[in-house]
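> Mind having a look at this structure? Questions to follow.
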Amino acid sequence: MKFEGTFLRSKVAIRIFVLFVCCALLPISVLAVLSFSHVTRQLSEQTQKRLHQAGKDVGGSIAERLYFLDGEMKMVASKLSTKSNPTFRTPVEGISEHLKKRFQGLIIVADASEPLHLFGQIQNVPELTPEQKKHILSGGSLLFSEYHPDLSSHIFMSMVIDPQNPRRGILVGEINPNYLWDIEKQSTFPSMTELCVLDQSNNILFSSLTSPVSLPKQVLENMTHSVFGQFEWVNEKKEYLASYRSIFLQPAFFTPKWTVVLSESKSDVLAPMANFKKIFPLVILMSLWVVLLLSVIQIRRSMVPLEKLQEGTRRIAAKDFDSRVIIKSGDEFEELGASFNTMASQLGRQFNALNTLAEIDRAILSSLDTEKIVDVVLNRMHDVFPCDSVSVTLLDFNAKKANKMTARIYFEKEKPNTETLLETIDLTPIEQQELTDNPESIFVEVEEAPPNYLAPLVRQGIRSFLVLPIILKQVVLSGIMTLGYIKPPVNIQEDLLQARRLANQMAVALSNANLMKELDQLNWGTLTALARAIDAKSPWTAGHSERVTSYSLKIGRVLGLSQEEIDTLRRGGLLHDLGKIGVPAEILDKPGKLTEEEEQIMRQHTQLGARILEPISAYAEVIPMVLQHHERADGNGYPNGIPKKIICLGARIFGVADSFDAMTADRPYRKAMSRERAIEIIKEESGKQFDPDIVKAFLEVMAQEERGGT
């Protein structure tokens with residue numbers, strides 16, 4: 001199994017890993033600790049019980065040997081009591097070899113003589129207390145010991161030889177410890193168990209430990225007040241479990257008690273746990289590896305799908321809605337991946353729809369041409385709605401027939417780069433009322449006779465329609481947007497919200513277009529009225545500005561000017577003589593030649609007109625036309641005498657059109673020239689007064705009028 005260094009790089013992975021560790025290692029560790037503690041306690045308790053029972057057995061064994069030794073000494077004493085001479089000096093015959101092994105030696109102690117050694121050697125027999133002597137003389141057995149801290153203790157047993165005749169002496173024997181403690185056979189106490197025997201003063205009579213023994217004071221105190229008990233103690237830095245039990249010797253041997261202490265090393269007691277201590281780390285290590293393996297597998301199974309989903313989310317955030325996540329985990333992650341892909345697909349469709357709608361919104365709201373607005377809607381609707389046909393119907397309020405309303409139906413183009421299809425119909429009052437009463441939408445399933453506004457689409461095989469009335473100012477029905485379906489749509493509500501929004505935007509665009517159309521009409525009407533007012537100042541110039549404008553527009557079209565340039569030219573034509581407002585009527589209507597001063601006043605009308613238009617920023621492009629329309633191509637014009645290359649195009653066009661109209665109209669100082677003469681003069685002035693290119697275009701206009709009979 002290959003472990004990657006980044007498998008814990010996420011919070012989820014860390015959480016899963018910690019969860020595995022907590023659920024696996026912690027229970028194992030806790031169970032191991034509890035088991036170790038429980039087994040240790042059980043071993044300790046079992047050892048204490050075993051030591052307690054062994055102490056009882058050892059105590060009984062020691063007592064049994066003491067009684068046995070007492071019996072043997074009594075047998076020796078009985079043999080000695082049969083001798084006639086109480087002060088005999090010879091050893092007793094018949095002392096068995098077994099007795100010699102059980103005692104270090106036997107002696108007879110009399111008051112008036114030296115001790116008589118029956119066998120062996122006994123040195124330094126302790127002096128007996130009066131109470132002990134009294135007990136012996138009364139015929140009882142006495143057990144006493146001599147304690148030496150640095151040497152081994154000596155244990156003695158004594159009795160009177162003849163209770164009837166105490167003068168015969170006292171038989172004293174030093175007990176062989178090997179026999180008493182059964183050291184040679186090592187059967188007195190269990191293996192791996194250390195034995196200590198204490199006398200009535202808690203002095204050590206025997207210890208199987210090689211090192212000096214020092215029992216705790218509290219334990220020694222407890223031994224004084226209790227018959228048995230358990231304790232723990234330390235000797236030479238080694239811990240022991242111990243049990244003590246008292247051997248009552250008072251009735252038989254005039255000794256209060258001996259105490260048997262059995263101890264077992266804790267290391268021996270807990271030896272079975274040693275293997276556990278060795279095995280447990282291996283178990284933990286193995287468990288750790290298993291947990292790591294399982295956790296890494298689970299983390300990979302969880303994190304790989306999560307990383308794919310996370311990466312998919314980032315791609316969606318980057319507007320990559322075509323990307324898909326592939327998860328083959330066979331669990332909920334796979335289902336989540338499928339749901340994610342479905343969501344991405346839906347988001348992609350919705351985002352594309354919103355983008356398309358936004359583009360349509362910008363297109364229709366930025367246009368003030370009704371035809372362009374309709375064309376944009378027809379061409380882009382299929383990018384948003386999965387419909388089979390689209391149409392837009394606009395009502396013509398200027399073509400109302402009785403109770404019926406004339407409407408134009410625009411169809412989508414059958415082929416790209418072709419004209420939009422158009423058909424005119426009449427809307428009945430009932431149809432108008434139905435649309436007005438349902439301003440949000442109407443879903444129509446055509447079975448028999450369709451409404452007039454749906455008839456052209458029904459002829460194309462469409463039977464299901466989503467009709468969206470276009471309402472202006474929230475009350476006036478101005479149009480209809482229709483989505484057609486060959487088969488009834490499944491999720492009509494999903495299309496309805498977007499379609500209704502688009503219809504509302506189209507209503508706003510149409511309203512703006514109508515408003516701008518009205519404003520444009522008002523603007524042109526105002527300019528025309530102003531031009532007529534200027535021309536009306538003199539009866540000789542009536543209609544002059546409109547005629548000059550008409551000639552100029554024709555010349556501009558021959559020159560290939562754009563519609564925007566044509567509109568600017570039209571404004572300049574209507575306003576080119578605006579400065580004549582400041583010229584006195586007597587000068588305008590003077591029948592004779594003007595004086596030099598009058599001529600200067602007349603020429604000032606170009607500058608005056610430009611100054612009047614200066615505050616109107618919208619007419620900035622018109623001002624040069626007004627100012628320069630009397631300049632000449634040869635530079636001899638007024639007011640500034642500039643050459644042709646500096647004169648603006650509109651002024652050059654007005655120069656030709658203005659001169660032609662002036663020559664072909666009556667003036668107070670002359671009659672009108674003929675059309676032909678005026679054209680001839682313009683030809684003659686080409687390159688002098690007029691721009692040759694403009695003259696050429698003018699002549700083309702004249703030729704067109706002649707061909708057209710105008």
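The values are calculated or read from the model by the stated rules, or taken from the named source; none is laboratory data. Since we're looking at a predicted model, the values are computed, not measured. With ideal geometry, Cβ positions are generated from the backbone for all residues, glycine too; neighbour counts draw on all protein chains shown.
> Does SER263 meet the test of being modelled with pLDDT under 80 and among the hydroxyl-bearing types (Ser, Thr, Tyr)?
no
> Pick out, from the stretch 538-588, the helices (runs of 4 or more DSSP H) lying fully within it that include 1 or more residues that are polar (S, T, N, Q) and closer than 24 Å to LEU522 by Cβ.
Of the helices (runs of 4 or more DSSP H) lying wholly inside the stretch 538-588, those with at least 1 residues that are polar (S, T, N, Q) and closer than 24 Å to LEU522 by Cβ span 544-558, 563-575.
> Could you count how many residues in the stretch 317-341 are polar (S, T, N, Q) and at pLDDT 80 or above?
Of the stretch 317-341, the ones polar (S, T, N, Q) are 323, 329, 339, 341.
After this cut, where a residue has to be at pLDDT 80 or above as well, the list is 339, 341.
Counting residues in the stretch 317-341 that are polar (S, T, N, Q) and at pLDDT 80 or above gives 2.
> Kindly establish whether PHE231 is aromatic (Phe, Trp, Tyr), surrounded by 13 or more Cβ atoms within 10 Å (Cβ to Cβ), in contact with a helix residue (DSSP H, G or I) (Cβ under 7 Å, 6 or more places away or on another chain) and modelled with pLDDT under 90.
no
> Identify the single condition in (1) closer than 16 Å to VAL109 by Cβ; (2) surrounded by fewer than 17 Cβ atoms within 10 Å (Cβ to Cβ); (3) in contact with a strand residue (DSSP E or B) (Cβ under 8 Å, 6 or more places away or on another chain) that GLY139 does not satisfy, given that it satisfies every other one.
The failed condition is (1).
> Can you name the condition, by its number, that LEU220 falls short on among (1) in a loop (DSSP other than H, G, I, E, B); (2) within 25 Å of ASP268 (Cβ to Cβ)?
(1)
> How many of the residues in the stretch 464-482 are buried (at least 18 other Cβ atoms within 10 Å of the Cβ) and closer than 24 Å to GLN493 by Cβ?
So the first thing to find is which residues in the stretch 464-482 are buried (at least 18 other Cβ atoms within 10 Å of the Cβ), and the list is 464-471, 477-482.
Subsequent filtering for residues that are closer than 24 Å to GLN493 by Cβ retains 464-471, 477, 479-482.
Number satisfying all stated conditions: 13.
> Hey, another quick one. Answer with yes or no whether MET625 is assigned by TED's automatic domain parsing to the domain that holds GLU586, in contact with a Leu (Cβ under 9 Å, 6 or more places away or on another chain) and within 20 Å of HIS544 (Cα to Cα).
Against the criterion (assigned by TED's automatic domain parsing to the domain that holds GLU586, in contact with a Leu (Cβ under 9 Å, 6 or more places away or on another chain) and within 20 Å of HIS544 (Cα to Cα)), MET625 qualifies.
> Something else: Filter the stretch 19-63 down to residues that are closer than 30 Å to SER302 by Cα and among the aliphatic types (A, V, I, L, M) and give me whichever is nearest to the chain's Cα centre (by Cα). It would help to see each step written out before you state the result.
Taking the stretch 19-63 as the starting set, the residues that turn out to be closer than 30 Å to SER302 by Cα are 19-31.
Adding the requirement that they be among the aliphatic types (A, V, I, L, M) leaves 19, 21, 24-26, 28, 30-31.
Working: LEU19: 19, VAL21: 24, ALA24: 27, LEU25: 29, LEU26: 29, ILE28: 33, VAL30: 35, LEU31: 37 Å.
Filtering the stretch 19-63 for residues that are closer than 30 Å to SER302 by Cα and among the aliphatic types (A, V, I, L, M), the one nearest to the chain's Cα centre (by Cα) comes out as LEU19.
The rows are residues; the columns are (1) charged (D, E, K, R); (2) surrounded by fewer than 17 Cβ atoms within 10 Å (Cβ to Cβ); (3) modelled with pLDDT of 75 or more.
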| site | (1), (2), (3) |
| --- | --- |
| PHE253 | no, no, yes |
| THR259 | no, no, yes |
| PRO281 | no, yes, yes |
| LEU285 | no, yes, yes |
| VAL290 | no, yes, yes |
| PRO305 | no, no, yes |
| GLN310 | no, yes, yes |
| ARG315 | yes, yes, yes |
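> Right, here's the next one. Restricting to the stretch 572-587, give me the number of residues that are surrounded by 19 or more Cβ atoms within 10 Å (Cβ to Cβ) and among the hydrophobic types (A, V, I, L, M, F, W, C). If you could, list the steps in order and put the result at the bottom.
If we filter the stretch 572-587 for residues that are surrounded by 19 or more Cβ atoms within 10 Å (Cβ to Cβ), which is where we start, we get 572-580, 583.
Checking the rest, the ones that are also among the hydrophobic types (A, V, I, L, M, F, W, C) come to 574-575, 578, 583.
Residues meeting the conditions: 4.
> A follow-up question, please. Would you mind telling me which numbered condition in (1) assigned to a loop (DSSP other than H, G, I, E, B); (2) surrounded by fewer than 16 Cβ atoms within 10 Å (Cβ to Cβ); (3) at pLDDT below 90 GLU597 fails?
Here GLU597 clears every test but (1).
> Within the stretch 224-248, can you find the residues that are of a type in the set (A, V, I, L, M), in contact with a Phe, Trp or Tyr (Cβ under 6 Å, 6 or more places away or on another chain) and under 30 Å from SER158 (Cα atoms)?
Within the stretch 224-248, just ILE247 meets the criteria.
> Right, here's the next one. List every residue pair whose Cβ atoms lie under 9 Å apart, where the two residues are 6 or more positions apart in sequence or sit on different chains, the first residue falls within the stretch 110-125 and is part of a strand (DSSP E or B), and the second residue, located anywhere, is surrounded by fewer than 16 Cβ atoms within 10 Å (Cβ to Cβ) and modelled with pLDDT of 80 or more.
Every condition considered, the pairs that remain are PHE119/LYS100; GLY120/LYS100.
> Only residues in the stretch 53-68 that are under 21 Å from LEU142 (Cβ atoms) count as the first member; pair them with residues that are assigned to a helix (DSSP H, G or I), Cβ under 8 angstrom, at least 6 apart or cross-chain, and list the lot.
From residues that are under 21 Å from LEU142 (Cβ atoms), the pairs are ILE62/LEU180; ARG65/TYR179; ARG65/LEU180; LEU66/LEU180; LEU66/ALA252; LEU66/PHE253; TYR67/ALA252.
> In the stretch 491-512, what count of residues is obtained for those that are hydrophobic (A, V, I, L, M, F, W, C) and modelled with pLDDT under 70?
1
> Within the stretch 29-76, how many residues are in contact with a Pro (Cβ under 9 Å, 6 or more places away or on another chain) and either closer than 30 Å to ILE108 by Cα or small (Gly, Ala, Ser) (or both)?
Residues meeting the conditions: 1.
> Can you pull out the residues in the stretch 653-671 that are loosely packed, with under 14 Cβ neighbours inside 10 Å and without any contact (Cβ under 8 Å) to a residue 40 or more places away in the chain?
Matches in the stretch 653-671: ARG670, LYS671.
> A further question follows. Just to be sure I understand, how many residues within the stretch 680-695 are within 16 Å of ILE647 (Cα to Cα), out of contact with any helix residue (DSSP H, G or I) (no Cβ under 9 Å at 6 or more places or on another chain) and part of a helix (DSSP H, G or I)?
So in the stretch 680-695, the residues within 16 Å of ILE647 (Cα to Cα) come out as 686-695.
The next check asks that each one be out of contact with any helix residue (DSSP H, G or I) (no Cβ under 9 Å at 6 or more places or on another chain); those that pass are 688, 692.
Filter again for part of a helix (DSSP H, G or I), leaving 692.
Adding up the residues that qualify gives 1.
> Show the residue pairs meeting these rules: Cβ distance below 8 Å; 6+ apart or different chains; first residue within the stretch 22-34 and in contact (Cβ under 8 Å) with a residue 40 or more places away in the chain; second residue surrounded by 14 or more Cβ atoms within 10 Å (Cβ to Cβ) and not aliphatic (A, V, I, L, M).
ALA24/SER287; LEU25/SER287; ILE28/SER287; ALA32/PHE280
> Now for a separate question. Restricting to the stretch 79-109, name every residue that is under 17 Å from ARG168 (Cβ atoms) and modelled with pLDDT of 75 or more.
LYS79, LEU80, SER81, LEU106, ILE107, ILE108, VAL109
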